[in-house]
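Down below is the structure, laid out as structure tokens.
Just so it is clear, none of the values below were taken in a lab; they were calculated from the coordinates. Remember, it's a predicted structure, so these values are computed and weren't measured experimentally. Ideal geometry is used to build each Cβ from the backbone, glycine not excepted, and the neighbour counts take in all protein chains shown.
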Amino acid sequence: MLLLLAGMFLIAGGFCLRIDREAAHYSRAQLQRPLWQFALRVTDWAKGLPWIIAALIFYFAVQAIMRWQGESPSLRLISGYSLALLASFVVASVCLHTFKIFLGRRRPRDEFEHGLYGFRFFTWELQYDSFPSGHSMTILCVAVVLSAIVPLLAPVWLALATGLAITRAMLTAHFFSDVFVGAAVGILVTRETFLVGFPQLAPGWF
């Protein structure tokens, strides 16, 4: 399921490369509409730092409890999922920022302010960091971990995460292709992190 979803996001990202400029200008013109204002209110849920802090708090709190009161299956699970999320963030961030540095895509603001658009391959300039989207990667990492914890709600987690990821393009912080490819990176890296590093926590459908 996750491979299929990641593949769909990659295909969507490839298609959006053809319409990114037009879609960005359309979104910019809609920023005062209610749906776009709602996107502005919720988009920060896709930021990485709060999720990293939450995972660290859960992990170290559980470690402390286990030292004082002893281990239990539920505490080991909480510790394992917290560590899996942190590991997924680390590996996905390395992959994502490698892509960013190599591909060097301009942000939509360069298009709006200067009429500059496109990729600057192998320039190694950190300001060209639009592709893929880090917020999109982050929230899909979270969704995959939540899907492992509560598999019955996997469609809900993945749908909510996709919606949050799309707010980045709606608000013209990224192009739509940035968002979809970032989502694919989050899904693929988190899936592989589970299968390689935490196989006991990975559901069979991963």
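A few remarks follow.
- Whether the stretch 18-131 is rounded, prolate or oblate, judged on the alpha carbon gyration tensor where a/c under 1.5 counts as rounded: oblate
- Under 15 Å from the THR123 label point (7 Å along Cα→beta-carbon), backbone N, the stretch 77-107: 100-107
- The distance from the alpha carbon centre of the stretch 21-47 to that of the stretch 116-158 is 17 Å, rounded to a whole number.
- Note on ARG191, ARG28: ascending count of other Cβ atoms within 10 Å places them as ARG28, ARG191, the fewest first.
- Helices that extend 27 Å or more along their long axis by alpha-carbon positions and average at least -1.0 on the Kyte-Doolittle scale are, among the DSSP H runs of the chain, 48-69, 73-103, 176-197.
- The packing ranking of peptides 68-77, 84-93, highest mean first, is 84-93, 68-77, where packing means the average number of other beta carbon atoms within 10 angstrom of each residue.
- Subtracting the Cα-Cα distance of VAL196 and LEU77 from 0.36 nm times their residue separation leaves 41.2 nm of extension gain.
- Across the chain, the relative contact order, built from alpha-carbon pairs under 8 Å that are at least six residues apart, equals 33 percent.
- Zone residues, the stretch 61-104, relative to ALA54, backbone N less than 13 Å from point 7 Å out along Cα-to-Cβ: 82, 85-86
- Rounded to the nearest 20 debye, the dipole magnitude of the stretch 2-199 is 160 debye, with +1 charges on Lys and Arg beta carbons, -1 on Asp and Glu beta carbons, and the Cα centre as origin.
- Peptide packing: for 161-170, 178-187, the average count of neighbouring Cβ atoms within 10 Å per residue gives the ranking 178-187, 161-170, highest mean first.
- Remark: the Cα gyration tensor places the stretch 108-206 in the oblate category, a/c being 1.5 or greater and a/b not exceeding b/c.
- Estimated purely from DSSP H runs of n ≥ 4, each contributing -39500 (n - 2.57), the mean residue ellipticity at 222 nm for the chain is -24000 deg cm²/dmol once divided by its residues.
- Rg then Dmax, both in Å and based on the Cα atoms of the chain: 18.1, 61.
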